[in-house]
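Peer 1: Sending over a structure as structure tokens; questions will come in a sec.
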Amino acid sequence: MSTDANGTPVPAAGGDTPGTPNVPDVFDTARLRQAVLDAWAASPARFREDANAEEDLARGGYRDRVVIELAQNAADAAARAGVPGRLRLTLRDGLLTAANTGAPLDAAGVESLSTLRASAKRDEPAEGRVGRFGVGFSAVLAVTDTPVVRGRAGGVRWSLTEAVALAGDAADRSGGLAAELARRAGSRHAVPLLRLPLPAPARADVGDDPAGWETVVELPLRDAAASDLADRLLAAVDDALLLALPGLTEIVVERPAGRRRLIRSVDPDDPAVVVIRDGDRTTAWRTASAAGEAGPDLLADRPLEERERPHWSVTWAVPVGADGSPAAPRGPGVVHAPT
């Protein structure tokens with residue numbers, strides 16, 4: 001039997017859930033774990049593929065996208081539920097949390113979070129959706145080794161320490177997997193931890209709004225560098241995020257430096273003008289949007305799921321003054337692409 005970093009015995013995947021005694025497995029994470037561990041034992045190349053893919057995302061293009069991906073998931077949850085999207089991002093005592101309204105966490109969502117490029121959003125209507133391909137949640141690995149997602153019905157968590165132990169138990173029946181684990185030993189990405197979900201307790205009441213928040217993501221930050229990155233990304237939240245994600249009407253950002261509340265609304269006299277209030281500052285933006293479908297010729301060489309969802313959309317936004325004429329934007333021009 002394997003042990004964790006503190007020398008505590010950790011049972012194999014077929015027994016009690018490691019490190020999670022007496023927590024109902026409402027999303028059947030045991031089935032997901034066992035399927036992955038069996039696949040790794042049968043084909044160590046599958047383990048290597050999963051590990052390389054997760055590491056590429058965590059170290060590469062998704063490293064600075066933690067806040068964007070949390071906001072995108074909140075916008076999509078609101079769209080699925082048909083409610084205004086609200087998001088609260090809090091950084092306190094080494095913990096980054098994101099609480100959002102919208103559709104609840106369910107078994108399909110948990111399976112999507114625990115896979116790569118197999119999003120549960122594939123079969124949903126494209127309108128109002130942003131994320132599509134099931135890779136965004138891997139952005140959390142830039143700052144944490146122990147992410148948790150909690151809903152009202154139950155929760156799911158991941159743990160690098162426990163993932164290493166579970167993979168080690170599976171390697172007892174596979175020399176090839178044992179060799180792959182030895183090659184990656186000591187790495188921050190020794191095991192693709194998001195493939196091995198574990199049950200977590202349901203969410204508790206959240207702050208001053210216990211009735212409104214549906215889902216809470218908890219990211220215990222790995223170290224000081226992760227805390228600095230999270231703080232920098234929170235400080236960078238501005239109008240562009242609400243313009244790019246119209247499904248969100250409110251974002252609250254709570255950092256050690258203070259609290260901000262950004263609210264998005266539409267000018268009742270001109271629906272093409274979006275008004276964003278950020279504390280004492282109010283900015284009006286004239287917007288124009290277009291959407292359509294890419295032709296099959298353009299997507300002929302793309303993967304299947306991209307070909308099945310050929311929808312595209314784009315929004316232009318220009319700040320305007322009180323008289324409706326274009327105003328100079330604050331700071332450098334920014335192209336903001338959440339997807």
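Peer 1: Going 7 Å from the Cα of Asp172 along its beta-carbon direction, which residues of segment 36-54 have the amide nitrogen within less than 15 Å of the resulting point?
Peer 2: From segment 36-54, the list is 38, 41.
Peer 1: Counting heavy atoms of the protein chains only and a 1.4 Å probe, report the per residue accessible area for segment 267-333 as a whole number of Å².
Peer 2: 70
Peer 1: For Asp267 and Ala45 in one chain, what is 0.36 nm times their gap in residues minus the Cα-Cα distance, to one decimal in nm?
Peer 2: 74.4 nm
Peer 1: At 7 Å along the Cα-to-beta-carbon direction for both Ala257 and Asp93, put a label point, then send me their distance in nm to one decimal.
Peer 2: With each label placed 7 Å out from Cα toward Cβ, I get 2.3 nm.
Peer 1: Name the residue from Ala290, Ala317, Ala300 whose Cα lies farthest towards the positive end of the charge dipole of segment 267-333, charges +1 on Cβ of Lys and Arg and -1 on Cβ of Asp and Glu.
Peer 2: Farthest towards the positive end: Ala317.
Peer 1: Once the Cα gyration tensor of segment 267-333 is diagonalised, what are the square roots of 5 times its eigenvalues, in whole Å and ordered largest first, as equivalent ellipsoid semi-axes?
Peer 2: Taking √(5λ) for each eigenvalue gives 35, 13, 11 Å, largest first.
Peer 1: If amide hydrogens are placed 1.01 Å from N in the peptide plane, which non-local residues have theirs closer than 5 Å to the one on Gly102?
Peer 2: Residues meeting the amide H criterion: Glu214.
Peer 1: Follow-up question, since we're still on this one. List, in order, the whole-Hz ³J(HN,Hα) value for each residue of segment 266-274 obtained from phi through the Karplus relation with A = 6.51, B = -1.76, C = 1.60 and θ = phi - 60°; use x for Gly and Pro.
Peer 2: With coefficients 6.51, -1.76 and 1.60, one gets 10, 4, x, 8, 8, x, 7, 9, 9 Hz.
Peer 1: Quickly rank 74-83, 232-241 as a protection proxy: mean count of other C-beta atoms within 10 Å, highest first.
Peer 2: Packing proxy ranking, top to bottom: 74-83, 232-241.
Peer 1: How big is segment 59-116 by the Kirkwood estimate over distinct Cα pairs, in Å?
Peer 2: 12.6 Å is the Kirkwood radius here.
Peer 1: Also: I need the peptides 53-59, 21-27 ranked by packing, meaning the mean over residues of other C-beta atoms within 10 angstrom, with the highest value on top.
Peer 2: The most tightly packed comes first, giving 53-59, 21-27.
Peer 1: Testing the spin-label approximation: label points 7 Å from Cα along Cα→Cβ at Asp297 and Asp231. State their distance in nm.
Peer 2: 5.4
The values are calculated or read from the model by the stated rules, or taken from the named source; none is laboratory data. The structure presented is a predicted model; accordingly, all values stated were derived computationally and were not measured. Cβ coordinates were reconstructed from backbone atoms using ideal geometry, including for glycine residues, and neighbour counts include every protein chain displayed. Remember, those area values only see protein heavy atoms, side chains included, never the ligands or the DNA or RNA. Shrake-Rupley method; radii C 1.70, N 1.55, O 1.52, S 1.80 Å.
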